[in-house]
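First the structure, in the form of C-alpha coordinates, and then the observations on it.
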Amino acid sequence: MGKPFFTLSLSSLCLLLLSSACFAITSSKFNECQLNNLNALEPDHRVESEGGLIETWNSQHPELQCAGVTVSKRTLNRNGLHLPSYSPYPQMIIVVQGKGAIGFAFPGCPETFEKPQQQSSRRGSRSQQQLQDSHQKIRHFNEGDVLVIPPGVPYWTYNTGDEPVVAISLLDTSNFNNQLDQNPRVFYLAGNPDIEHPETMQQQQQQKSHGGRKQGQHQQQEEEGGSVLSGFSKHFLAQSFNTNEDTAEKLRSPDDERKQIVTVEGGLSVISPKWQEQEDEDEDEDEEYEQTPSYPPRRPSHGKHEDDEDEDEEEDQPRPDHPPQRPSRPEQQEPRGRGCQTRNGVEENICTMKLHENIARPSRADFYNPKAGRISTLNSLTLPALRQFGLSAQYVVLYRNGIYSPHWNLNANSVIYVTRGKGRVRVVNCQGNAVFDGELRRGQLLVVPQNFVVAEQGGEQGLEYVVFKTHHNAVSSYIKDVFRAIPSEVLSNSYNLGQSQVRQLKYQGNSGPLVNP
(Lines give C-alpha, C1' and ligand atoms only; values in the text may rest on other atoms or scores of the structure.)
Protein backbone atom coordinates (compact mmCIF):
# COMPACT_ATOMS: atom_id res chain seq x y z
CA MET A 1 0.00 0.00 0.00
CA GLY A 2 2.92 2.34 0.71
CA LYS A 3 4.58 1.97 -2.70
CA PRO A 4 1.69 3.26 -4.88
CA PHE A 5 1.25 6.17 -2.48
CA PHE A 6 4.99 6.94 -2.70
CA THR A 7 4.83 6.83 -6.52
CA LEU A 8 1.79 9.10 -6.56
CA SER A 9 3.45 11.53 -4.17
CA LEU A 10 6.63 11.61 -6.27
CA SER A 11 4.58 12.28 -9.40
CA SER A 12 2.69 15.08 -7.67
CA LEU A 13 5.96 16.59 -6.47
CA CYS A 14 7.42 16.53 -10.01
CA LEU A 15 4.25 18.10 -11.39
CA LEU A 16 4.37 20.78 -8.69
CA LEU A 17 8.02 21.59 -9.42
CA LEU A 18 7.35 21.72 -13.16
CA SER A 19 4.38 24.03 -12.63
CA SER A 20 6.44 26.26 -10.36
CA ALA A 21 9.23 26.46 -12.94
CA CYS A 22 6.78 27.33 -15.72
CA PHE A 23 5.14 29.94 -13.49
CA ALA A 24 8.54 31.45 -12.69
CA ILE A 25 9.45 31.67 -16.37
CA THR A 26 6.08 33.15 -17.25
CA SER A 27 6.25 35.63 -14.38
CA SER A 28 9.74 36.79 -15.37
CA LYS A 29 8.52 37.26 -18.93
CA PHE A 30 5.55 39.31 -17.76
CA ASN A 31 7.71 41.37 -15.41
CA GLU A 32 9.84 42.51 -18.34
CA CYS A 33 6.97 44.72 -19.51
CA GLN A 34 6.45 46.56 -16.21
CA LEU A 35 7.77 49.80 -17.70
CA ASN A 36 7.24 53.21 -16.12
CA ASN A 37 8.70 55.06 -19.08
CA LEU A 38 9.74 54.38 -22.67
CA ASN A 39 12.74 55.82 -24.51
CA ALA A 40 13.42 56.69 -28.12
CA LEU A 41 16.32 54.40 -29.01
CA GLU A 42 19.17 54.95 -31.44
CA PRO A 43 21.80 52.41 -32.60
CA ASP A 44 24.29 51.39 -29.91
CA HIS A 45 26.93 49.57 -31.98
CA ARG A 46 28.27 49.74 -35.52
CA VAL A 47 30.43 47.46 -37.65
CA GLU A 48 32.10 49.10 -40.64
CA SER A 49 32.87 46.71 -43.49
CA GLU A 50 34.51 47.07 -46.86
CA GLY A 51 31.18 47.32 -48.68
CA GLY A 52 28.88 48.88 -46.11
CA LEU A 53 27.83 49.37 -42.53
CA ILE A 54 25.83 47.39 -39.93
CA GLU A 55 24.28 49.19 -36.94
CA THR A 56 22.55 47.34 -34.10
CA TRP A 57 20.45 48.22 -31.09
CA ASN A 58 21.37 46.78 -27.70
CA SER A 59 19.03 43.86 -27.08
CA GLN A 60 19.28 44.46 -23.33
CA HIS A 61 17.17 47.61 -23.51
CA PRO A 62 14.10 46.99 -21.29
CA GLU A 63 11.78 48.07 -24.09
CA LEU A 64 13.23 45.53 -26.53
CA GLN A 65 13.24 42.79 -23.90
CA CYS A 66 9.57 43.51 -23.25
CA ALA A 67 8.73 43.07 -26.94
CA GLY A 68 11.08 40.08 -27.28
CA VAL A 69 12.79 41.59 -30.33
CA THR A 70 15.81 43.60 -31.36
CA VAL A 71 16.63 45.68 -34.44
CA SER A 72 19.53 46.12 -36.84
CA LYS A 73 20.22 48.48 -39.74
CA ARG A 74 22.27 47.49 -42.79
CA THR A 75 23.70 49.86 -45.38
CA LEU A 76 25.09 48.30 -48.56
CA ASN A 77 27.20 50.56 -50.76
CA ARG A 78 27.27 50.28 -54.54
CA ASN A 79 28.10 46.68 -55.52
CA GLY A 80 27.95 45.74 -51.85
CA LEU A 81 27.32 42.07 -51.04
CA HIS A 82 26.12 41.01 -47.59
CA LEU A 83 27.65 37.57 -47.09
CA PRO A 84 25.44 34.48 -46.63
CA SER A 85 24.21 34.12 -43.06
CA TYR A 86 21.31 32.71 -41.04
CA SER A 87 19.71 33.09 -37.60
CA PRO A 88 17.57 30.82 -35.39
CA TYR A 89 14.61 33.22 -35.50
CA PRO A 90 12.61 34.86 -38.31
CA GLN A 91 13.42 38.36 -39.51
CA MET A 92 11.30 41.04 -41.17
CA ILE A 93 13.20 43.58 -43.28
CA ILE A 94 11.90 46.88 -44.65
CA VAL A 95 13.91 48.42 -47.51
CA VAL A 96 14.08 52.14 -46.77
CA GLN A 97 16.27 53.11 -49.71
CA GLY A 98 17.70 51.60 -52.88
CA LYS A 99 17.16 48.37 -54.80
CA GLY A 100 18.88 45.03 -54.93
CA ALA A 101 18.64 41.25 -55.04
CA ILE A 102 18.25 38.61 -52.35
CA GLY A 103 18.91 34.89 -52.58
CA PHE A 104 17.93 32.03 -50.27
CA ALA A 105 19.28 28.51 -49.87
CA PHE A 106 16.23 26.48 -48.82
CA PRO A 107 17.12 22.98 -47.62
CA GLY A 108 15.79 20.23 -49.86
CA CYS A 109 14.74 22.62 -52.65
CA PRO A 110 16.16 22.11 -56.16
CA GLU A 111 18.31 24.57 -58.08
CA THR A 112 15.84 26.15 -60.50
CA PHE A 113 18.14 28.67 -62.23
CA GLU A 114 20.77 27.04 -64.45
CA LYS A 115 22.96 27.83 -67.44
CA PRO A 116 22.58 25.63 -70.55
CA GLN A 117 25.24 22.98 -70.98
CA GLN A 118 27.78 23.62 -73.71
CA GLN A 119 28.81 20.85 -76.10
CA SER A 120 32.47 20.32 -76.95
CA SER A 121 34.09 18.58 -79.89
CA ARG A 122 36.86 17.22 -77.68
CA ARG A 123 35.79 14.27 -75.62
CA GLY A 124 38.50 14.80 -73.05
CA SER A 125 37.31 18.25 -72.04
CA ARG A 126 33.59 17.63 -72.57
CA SER A 127 32.77 16.85 -68.93
CA GLN A 128 34.56 19.96 -67.69
CA GLN A 129 32.80 22.34 -70.08
CA GLN A 130 29.39 20.93 -69.15
CA LEU A 131 29.79 22.00 -65.50
CA GLN A 132 27.73 25.20 -65.64
CA ASP A 133 26.44 27.23 -62.72
CA SER A 134 23.05 26.51 -61.14
CA HIS A 135 21.38 27.89 -58.03
CA GLN A 136 18.03 28.59 -56.43
CA LYS A 137 15.70 31.45 -57.31
CA ILE A 138 16.81 35.07 -56.88
CA ARG A 139 14.29 37.70 -55.79
CA HIS A 140 14.64 41.39 -56.57
CA PHE A 141 13.54 44.12 -54.17
CA ASN A 142 12.95 47.87 -54.33
CA GLU A 143 12.40 50.72 -51.91
CA GLY A 144 9.34 50.04 -49.77
CA ASP A 145 9.54 46.24 -50.03
CA VAL A 146 9.15 44.10 -46.92
CA LEU A 147 11.28 40.92 -46.94
CA VAL A 148 10.67 37.92 -44.68
CA ILE A 149 13.66 35.74 -43.72
CA PRO A 150 12.74 32.24 -42.44
CA PRO A 151 14.64 30.96 -39.39
CA GLY A 152 17.76 28.93 -40.08
CA VAL A 153 17.68 29.58 -43.86
CA PRO A 154 20.90 31.12 -45.28
CA TYR A 155 20.40 34.24 -47.38
CA TRP A 156 22.51 36.93 -49.07
CA THR A 157 21.72 40.42 -50.36
CA TYR A 158 23.33 42.54 -53.05
CA ASN A 159 23.00 46.16 -54.09
CA THR A 160 22.09 46.32 -57.80
CA GLY A 161 21.64 50.09 -57.95
CA ASP A 162 23.83 53.16 -57.86
CA GLU A 163 22.68 54.48 -54.48
CA PRO A 164 23.22 52.73 -51.13
CA VAL A 165 20.68 50.16 -49.96
CA VAL A 166 19.39 50.92 -46.46
CA ALA A 167 17.35 48.19 -44.75
CA ILE A 168 15.90 47.91 -41.24
CA SER A 169 15.61 44.39 -39.80
CA LEU A 170 13.37 43.26 -36.95
CA LEU A 171 14.89 40.20 -35.24
CA ASP A 172 12.12 38.25 -33.50
CA THR A 173 14.34 36.59 -30.90
CA SER A 174 11.40 35.38 -28.75
CA ASN A 175 9.75 33.56 -31.66
CA PHE A 176 8.79 29.94 -30.98
CA ASN A 177 11.12 28.83 -33.79
CA ASN A 178 14.09 29.96 -31.68
CA GLN A 179 14.95 27.06 -29.35
CA LEU A 180 18.04 28.77 -27.89
CA ASP A 181 17.55 31.98 -25.89
CA GLN A 182 16.60 35.56 -26.66
CA ASN A 183 20.17 36.66 -27.32
CA PRO A 184 20.54 37.73 -30.98
CA ARG A 185 22.81 35.46 -32.99
CA VAL A 186 24.01 35.62 -36.59
CA PHE A 187 25.74 32.58 -38.12
CA TYR A 188 27.88 33.55 -41.12
CA LEU A 189 28.88 30.97 -43.72
CA ALA A 190 31.68 33.09 -45.16
CA GLY A 191 34.07 35.89 -44.35
CA ASN A 192 35.60 37.00 -41.09
CA PRO A 193 32.77 39.02 -39.53
CA ASP A 194 32.94 41.17 -36.44
CA ILE A 195 30.53 40.73 -33.54
CA GLU A 196 27.29 42.57 -34.34
CA HIS A 197 25.76 42.32 -30.84
CA PRO A 198 28.59 42.79 -28.30
CA GLU A 199 26.15 42.88 -25.37
CA THR A 200 25.44 39.20 -25.97
CA MET A 201 29.14 38.34 -25.79
CA GLN A 202 29.56 40.36 -22.60
CA GLN A 203 26.70 38.50 -20.99
CA GLN A 204 28.18 35.14 -21.98
CA GLN A 205 31.59 36.17 -20.64
CA GLN A 206 30.09 37.11 -17.30
CA GLN A 207 28.47 33.70 -17.08
CA LYS A 208 31.69 31.91 -18.05
CA SER A 209 33.83 33.92 -15.65
CA HIS A 210 32.39 31.85 -12.80
CA GLY A 211 33.80 28.72 -14.39
CA GLY A 212 37.47 29.59 -13.86
CA ARG A 213 40.35 31.06 -15.78
CA LYS A 214 40.78 28.17 -18.19
CA GLN A 215 38.14 29.56 -20.52
CA GLY A 216 39.89 32.90 -21.05
CA GLN A 217 41.40 31.77 -24.32
CA HIS A 218 38.03 30.62 -25.67
CA GLN A 219 36.47 33.94 -24.68
CA GLN A 220 39.13 35.82 -26.61
CA GLN A 221 38.44 33.73 -29.71
CA GLU A 222 34.71 34.37 -29.44
CA GLU A 223 35.28 38.14 -29.21
CA GLU A 224 37.14 38.08 -32.51
CA GLY A 225 34.19 36.51 -34.34
CA GLY A 226 34.38 34.44 -37.50
CA SER A 227 32.26 32.28 -39.79
CA VAL A 228 31.01 28.83 -38.88
CA LEU A 229 33.64 27.31 -41.18
CA SER A 230 36.50 28.99 -39.33
CA GLY A 231 36.04 26.52 -36.47
CA PHE A 232 37.13 23.58 -38.65
CA SER A 233 40.65 22.76 -39.75
CA LYS A 234 41.54 23.17 -43.41
CA HIS A 235 42.49 19.47 -43.60
CA PHE A 236 39.02 18.42 -42.41
CA LEU A 237 37.27 20.87 -44.77
CA ALA A 238 39.34 19.60 -47.71
CA GLN A 239 38.23 16.05 -46.95
CA SER A 240 34.60 17.03 -46.33
CA PHE A 241 34.17 19.03 -49.55
CA ASN A 242 36.55 16.98 -51.70
CA THR A 243 38.80 19.92 -52.50
CA ASN A 244 42.42 20.93 -51.99
CA GLU A 245 43.71 22.54 -48.82
CA ASP A 246 44.31 25.92 -50.48
CA THR A 247 40.59 26.17 -51.25
CA ALA A 248 39.74 24.88 -47.79
CA GLU A 249 41.93 27.56 -46.20
CA LYS A 250 40.05 30.26 -48.13
CA LEU A 251 36.76 28.82 -46.87
CA ARG A 252 37.98 29.44 -43.32
CA SER A 253 38.82 33.09 -44.21
CA PRO A 254 41.24 33.59 -41.29
CA ASP A 255 42.81 36.80 -42.62
CA ASP A 256 39.85 38.32 -44.50
CA GLU A 257 39.53 41.93 -43.33
CA ARG A 258 36.46 42.79 -45.45
CA LYS A 259 34.10 41.62 -42.67
CA GLN A 260 30.32 41.15 -43.22
CA ILE A 261 29.78 43.24 -46.36
CA VAL A 262 32.20 42.98 -49.29
CA THR A 263 32.48 44.96 -52.52
CA VAL A 264 32.13 42.99 -55.77
CA GLU A 265 34.60 44.44 -58.25
CA GLY A 266 32.92 44.98 -61.60
CA GLY A 267 29.49 43.99 -60.29
CA LEU A 268 27.86 40.65 -59.62
CA SER A 269 27.13 38.32 -62.55
CA VAL A 270 24.68 35.52 -61.75
CA ILE A 271 21.85 33.75 -63.55
CA SER A 272 18.65 35.78 -63.22
CA PRO A 273 15.84 36.45 -65.72
CA LYS A 274 15.88 40.16 -64.88
CA TRP A 275 19.61 40.56 -65.43
CA GLN A 276 19.72 38.14 -68.36
CA GLU A 277 17.00 40.02 -70.24
CA GLN A 278 18.97 43.23 -69.94
CA GLU A 279 22.14 41.50 -71.19
CA ASP A 280 20.25 39.96 -74.12
CA GLU A 281 18.74 43.33 -75.02
CA ASP A 282 22.20 44.90 -75.04
CA GLU A 283 23.55 42.09 -77.23
CA ASP A 284 20.63 42.38 -79.68
CA GLU A 285 21.16 46.14 -79.93
CA ASP A 286 24.88 45.63 -80.62
CA GLU A 287 24.14 43.06 -83.36
CA GLU A 288 21.56 45.33 -84.97
CA TYR A 289 23.97 48.24 -84.80
CA GLU A 290 26.70 46.21 -86.53
CA GLN A 291 24.43 45.00 -89.35
CA THR A 292 23.00 48.44 -90.16
CA PRO A 293 25.33 50.89 -91.98
CA SER A 294 25.44 54.13 -90.12
CA TYR A 295 27.41 57.34 -90.00
CA PRO A 296 29.39 58.31 -88.04
CA PRO A 297 31.29 54.99 -87.98
CA ARG A 298 30.74 52.28 -85.44
CA ARG A 299 31.69 53.14 -81.86
CA PRO A 300 35.21 51.98 -80.93
CA SER A 301 35.56 48.91 -78.74
CA HIS A 302 38.31 50.34 -76.55
CA GLY A 303 36.21 53.09 -75.01
CA LYS A 304 32.94 54.96 -74.94
CA HIS A 305 32.03 57.43 -77.69
CA GLU A 306 31.19 60.97 -76.72
CA ASP A 307 27.66 60.63 -78.11
CA ASP A 308 26.95 57.31 -76.35
CA GLU A 309 25.22 59.01 -73.44
CA ASP A 310 22.53 60.35 -75.77
CA GLU A 311 22.18 56.91 -77.38
CA ASP A 312 21.72 55.29 -73.95
CA GLU A 313 18.96 57.74 -73.13
CA GLU A 314 17.19 56.94 -76.39
CA GLU A 315 17.51 53.19 -75.76
CA ASP A 316 15.74 53.58 -72.43
CA GLN A 317 12.67 54.99 -74.21
CA PRO A 318 10.15 52.62 -75.87
CA ARG A 319 10.54 52.39 -79.63
CA PRO A 320 7.34 52.14 -81.68
CA ASP A 321 9.11 50.44 -84.58
CA HIS A 322 10.75 47.85 -82.31
CA PRO A 323 8.07 46.39 -80.00
CA PRO A 324 9.38 44.12 -77.24
CA GLN A 325 9.48 40.43 -78.16
CA ARG A 326 9.61 39.11 -74.62
CA PRO A 327 6.77 38.81 -72.12
CA SER A 328 6.66 41.05 -69.09
CA ARG A 329 8.87 40.19 -66.16
CA PRO A 330 7.72 37.49 -63.77
CA GLU A 331 7.42 39.83 -60.80
CA GLN A 332 4.97 42.01 -62.73
CA GLN A 333 2.73 39.06 -63.52
CA GLU A 334 2.92 37.58 -60.05
CA PRO A 335 -0.50 37.77 -58.33
CA ARG A 336 -0.69 39.20 -54.84
CA GLY A 337 -1.76 36.66 -52.26
CA ARG A 338 -5.13 37.41 -50.67
CA GLY A 339 -6.90 35.75 -47.82
CA CYS A 340 -10.13 35.39 -49.79
CA GLN A 341 -8.56 33.07 -52.37
CA THR A 342 -9.19 29.37 -52.01
CA ARG A 343 -6.02 27.47 -51.15
CA ASN A 344 -5.39 23.78 -50.78
CA GLY A 345 -1.86 23.99 -49.38
CA VAL A 346 -0.12 23.04 -52.64
CA GLU A 347 0.10 26.43 -54.37
CA GLU A 348 2.76 27.77 -52.04
CA ASN A 349 5.39 25.71 -50.24
CA ILE A 350 8.73 26.57 -48.76
CA CYS A 351 10.52 26.35 -52.11
CA THR A 352 8.21 28.74 -53.97
CA MET A 353 6.55 30.80 -51.24
CA LYS A 354 6.33 34.54 -51.74
CA LEU A 355 8.58 36.27 -49.22
CA HIS A 356 8.33 39.94 -50.15
CA GLU A 357 5.65 42.55 -50.73
CA ASN A 358 5.82 46.30 -51.29
CA ILE A 359 4.12 48.14 -48.45
CA ALA A 360 5.02 51.77 -49.25
CA ARG A 361 3.15 52.21 -52.55
CA PRO A 362 0.40 54.84 -52.18
CA SER A 363 -1.94 52.70 -54.32
CA ARG A 364 -2.10 49.93 -51.70
CA ALA A 365 -3.09 52.21 -48.80
CA ASP A 366 -5.83 50.77 -46.55
CA PHE A 367 -6.65 54.14 -44.93
CA TYR A 368 -6.26 57.46 -46.72
CA ASN A 369 -7.03 61.05 -45.87
CA PRO A 370 -5.84 63.63 -48.44
CA LYS A 371 -5.10 66.13 -45.67
CA ALA A 372 -3.76 63.77 -43.01
CA GLY A 373 -1.90 60.83 -44.61
CA ARG A 374 -2.21 57.13 -45.37
CA ILE A 375 -1.76 53.74 -43.68
CA SER A 376 -0.84 50.43 -45.35
CA THR A 377 -1.10 47.09 -43.56
CA LEU A 378 0.82 43.88 -44.27
CA ASN A 379 -0.27 40.69 -42.51
CA SER A 380 -0.83 36.99 -43.17
CA LEU A 381 -3.88 37.79 -45.31
CA THR A 382 -1.84 39.81 -47.79
CA LEU A 383 1.39 37.78 -47.43
CA PRO A 384 0.50 34.21 -46.31
CA ALA A 385 4.10 33.35 -45.35
CA LEU A 386 3.79 35.65 -42.33
CA ARG A 387 1.43 33.17 -40.65
CA GLN A 388 4.35 30.77 -40.13
CA PHE A 389 6.54 33.45 -38.55
CA GLY A 390 4.06 35.41 -36.42
CA LEU A 391 4.91 38.87 -37.77
CA SER A 392 3.12 41.72 -39.53
CA ALA A 393 3.74 45.39 -40.32
CA GLN A 394 2.21 48.77 -41.02
CA TYR A 395 3.55 51.66 -43.09
CA VAL A 396 2.31 55.08 -41.98
CA VAL A 397 2.73 58.41 -43.77
CA LEU A 398 1.52 61.48 -41.89
CA TYR A 399 1.41 64.82 -43.65
CA ARG A 400 2.10 68.12 -41.92
CA ASN A 401 0.20 68.15 -38.60
CA GLY A 402 -1.66 64.97 -39.63
CA ILE A 403 -2.79 62.82 -36.69
CA TYR A 404 -2.94 59.06 -36.27
CA SER A 405 -5.67 59.03 -33.64
CA PRO A 406 -5.27 57.15 -30.31
CA HIS A 407 -5.28 53.36 -30.76
CA TRP A 408 -3.80 50.17 -29.34
CA ASN A 409 -2.82 46.71 -30.54
CA LEU A 410 -5.07 43.97 -29.23
CA ASN A 411 -2.69 41.06 -29.68
CA ALA A 412 0.83 42.30 -30.41
CA ASN A 413 3.73 44.41 -29.27
CA SER A 414 4.93 46.91 -31.85
CA VAL A 415 8.19 48.63 -32.77
CA ILE A 416 8.06 52.01 -34.52
CA TYR A 417 11.00 53.02 -36.70
CA VAL A 418 11.01 56.46 -38.32
CA THR A 419 12.19 56.46 -41.93
CA ARG A 420 11.61 60.15 -42.80
CA GLY A 421 10.72 63.37 -41.07
CA LYS A 422 9.83 63.78 -37.42
CA GLY A 423 6.75 64.08 -35.26
CA ARG A 424 5.28 63.93 -31.79
CA VAL A 425 4.33 60.60 -30.20
CA ARG A 426 2.51 59.89 -26.94
CA VAL A 427 2.14 56.45 -25.28
CA VAL A 428 -0.13 55.88 -22.26
CA ASN A 429 -0.14 52.83 -19.95
CA CYS A 430 -2.98 51.19 -18.02
CA GLN A 431 -2.58 53.64 -15.12
CA GLY A 432 -3.24 56.61 -17.36
CA ASN A 433 0.37 57.77 -17.25
CA ALA A 434 2.17 58.98 -20.35
CA VAL A 435 5.21 56.68 -20.44
CA PHE A 436 6.47 58.50 -23.55
CA ASP A 437 5.61 62.01 -24.69
CA GLY A 438 8.15 63.53 -27.01
CA GLU A 439 9.55 63.94 -30.47
CA LEU A 440 10.51 60.97 -32.61
CA ARG A 441 12.79 61.65 -35.57
CA ARG A 442 14.40 59.78 -38.45
CA GLY A 443 16.62 56.89 -37.37
CA GLN A 444 14.99 56.44 -33.94
CA LEU A 445 12.78 53.58 -32.83
CA LEU A 446 10.17 53.30 -30.10
CA VAL A 447 8.66 50.14 -28.59
CA VAL A 448 4.93 50.23 -27.81
CA PRO A 449 3.86 47.30 -25.60
CA GLN A 450 0.62 45.42 -26.21
CA ASN A 451 -2.55 47.37 -25.28
CA PHE A 452 -0.65 50.58 -24.49
CA VAL A 453 -2.51 53.46 -26.18
CA VAL A 454 -0.44 55.40 -28.71
CA ALA A 455 -1.05 58.44 -30.93
CA GLU A 456 1.21 60.15 -33.46
CA GLN A 457 1.23 63.55 -35.16
CA GLY A 458 3.38 64.67 -38.07
CA GLY A 459 5.72 67.63 -37.76
CA GLU A 460 6.31 70.51 -40.15
CA GLN A 461 7.96 68.20 -42.70
CA GLY A 462 5.62 65.29 -42.04
CA LEU A 463 6.33 61.92 -40.44
CA GLU A 464 6.91 58.57 -42.18
CA TYR A 465 7.52 55.35 -40.26
CA VAL A 466 7.15 51.58 -40.27
CA VAL A 467 5.54 49.61 -37.44
CA PHE A 468 6.73 46.02 -36.88
CA LYS A 469 4.21 43.87 -34.98
CA THR A 470 4.72 40.56 -33.18
CA HIS A 471 1.62 38.78 -34.52
CA HIS A 472 0.85 37.53 -38.02
CA ASN A 473 -2.56 39.25 -37.98
CA ALA A 474 -2.18 42.11 -35.52
CA VAL A 475 -5.44 43.93 -34.82
CA SER A 476 -5.64 47.61 -33.91
CA SER A 477 -8.51 49.16 -31.99
CA TYR A 478 -9.27 52.87 -32.44
CA ILE A 479 -10.87 54.82 -29.62
CA LYS A 480 -13.05 56.72 -32.10
CA ASP A 481 -14.50 53.39 -33.30
CA VAL A 482 -15.03 52.33 -29.70
CA PHE A 483 -17.08 55.47 -29.07
CA ARG A 484 -19.27 54.77 -32.09
CA ALA A 485 -19.82 51.17 -30.94
CA ILE A 486 -20.99 52.17 -27.44
CA PRO A 487 -24.60 53.37 -26.86
CA SER A 488 -25.05 57.10 -26.27
CA GLU A 489 -26.51 56.57 -22.78
CA VAL A 490 -23.45 54.58 -21.73
CA LEU A 491 -21.11 57.31 -22.97
CA SER A 492 -23.24 60.00 -21.34
CA ASN A 493 -23.08 58.33 -17.93
CA SER A 494 -19.44 57.28 -18.30
CA TYR A 495 -18.11 60.77 -19.05
CA ASN A 496 -20.95 62.87 -17.55
CA LEU A 497 -21.78 64.37 -20.93
CA GLY A 498 -24.94 65.84 -22.36
CA GLN A 499 -26.64 64.24 -25.34
CA SER A 500 -25.42 66.97 -27.72
CA GLN A 501 -21.86 66.42 -26.54
CA VAL A 502 -22.20 62.65 -27.04
CA ARG A 503 -23.51 63.11 -30.59
CA GLN A 504 -20.61 65.44 -31.34
CA LEU A 505 -18.16 62.93 -29.88
CA LYS A 506 -19.56 59.99 -31.85
CA TYR A 507 -20.40 61.43 -35.24
CA GLN A 508 -18.50 64.66 -35.89
CA GLY A 509 -15.01 64.78 -37.33
CA ASN A 510 -13.18 62.07 -39.21
CA SER A 511 -14.62 58.58 -38.86
CA GLY A 512 -11.32 56.84 -39.70
CA PRO A 513 -8.04 56.73 -37.75
CA LEU A 514 -6.45 59.57 -39.75
CA VAL A 515 -7.38 63.08 -38.64
CA ASN A 516 -6.61 66.49 -40.08
CA PRO A 517 -6.82 69.07 -37.27
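The values are calculated or read from the model by the stated rules, or taken from the named source; none is laboratory data. For clarity, every value in this text was computed on a predicted model and none was experimentally measured. Don't worry about glycine lacking a Cβ; one is built from the backbone with ideal geometry, like all the others, and counts go over all protein chains shown. When the accessible area is computed, the model is the full protein with side chains, heavy atoms only, and any ligands, DNA or RNA have been set aside. Shrake-Rupley method; radii C 1.70, N 1.55, O 1.52, S 1.80 Å.
Scanning segment 60-83 for residues that are closer than 22 Å to PHE436 by Cβ and either among the acidic types (Asp, Glu) or open to solvent by 10 Å² or more (accessible area, probe 1.4 Å) (or both) yields GLN60, HIS61, PRO62, GLU63, GLN65, LYS73.
Please count how many residues of segment 491-510 are in a loop (DSSP other than H, G, I, E, B) and farther than 15 Å from SER405 by Cβ.
3
Among the numbered conditions (1) without any contact (Cβ under 8 Å) to a residue 40 or more places away in the chain; (2) surrounded by fewer than 17 Cβ atoms within 10 Å (Cβ to Cβ), the only one that ASN516 does not meet is (1).
Does any residue of segment 20-40 turn out to be farther than 21 Å from HIS356 by Cβ, assigned by the TED database to the domain that holds PHE141 and modelled with pLDDT under 95? Scanning segment 20-40, I find no residue that is farther than 21 Å from HIS356 by Cβ, assigned by the TED database to the domain that holds PHE141 and modelled with pLDDT under 95, so the answer is no.
Each row is one residue, and each column tells you yes or no for (1) open to solvent by 10 Å² or more (accessible area, probe 1.4 Å); (2) part of a loop (DSSP other than H, G, I, E, B); (3) closer than 29 Å to TYR89 by Cα.
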{"residue": "ASN349", "(1), (2), (3)": "yes, yes, yes"}
{"residue": "THR352", "(1), (2), (3)": "yes, yes, yes"}
{"residue": "TYR368", "(1), (2), (3)": "yes, no, no"}
{"residue": "ILE375", "(1), (2), (3)": "no, no, yes"}
{"residue": "GLN388", "(1), (2), (3)": "yes, no, yes"}
{"residue": "ASN401", "(1), (2), (3)": "yes, yes, no"}
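How many of the residues in segment 32-83 are part of a loop (DSSP other than H, G, I, E, B) and small (Gly, Ala, Ser)?
The number of residues fulfilling the criteria is 4.
Please determine whether any residue of segment 143-154 is of a type in the set (A, V, I, L, M), at pLDDT 75 or above, surrounded by 14 or more Cβ atoms within 10 Å (Cβ to Cβ) and within 18 Å of GLY52 (Cβ to Cβ). Looking for residues that are of a type in the set (A, V, I, L, M), at pLDDT 75 or above, surrounded by 14 or more Cβ atoms within 10 Å (Cβ to Cβ) and within 18 Å of GLY52 (Cβ to Cβ), one finds at least one in segment 143-154, hence yes. Taking segment 417-488 and the strands (runs of 3 or more DSSP E) fully enclosed by it, no element has 2 or more residues that are without any contact (Cβ under 8 Å) to a residue 24 or more places away in the chain and open to solvent by less than 10 Å² (accessible area, probe 1.4 Å). For segment 464-490, a tally of residues being over 21 Å from the mean Cα position of the chain (by Cα) and not hydroxyl-bearing (Ser, Thr, Tyr) returns 11.
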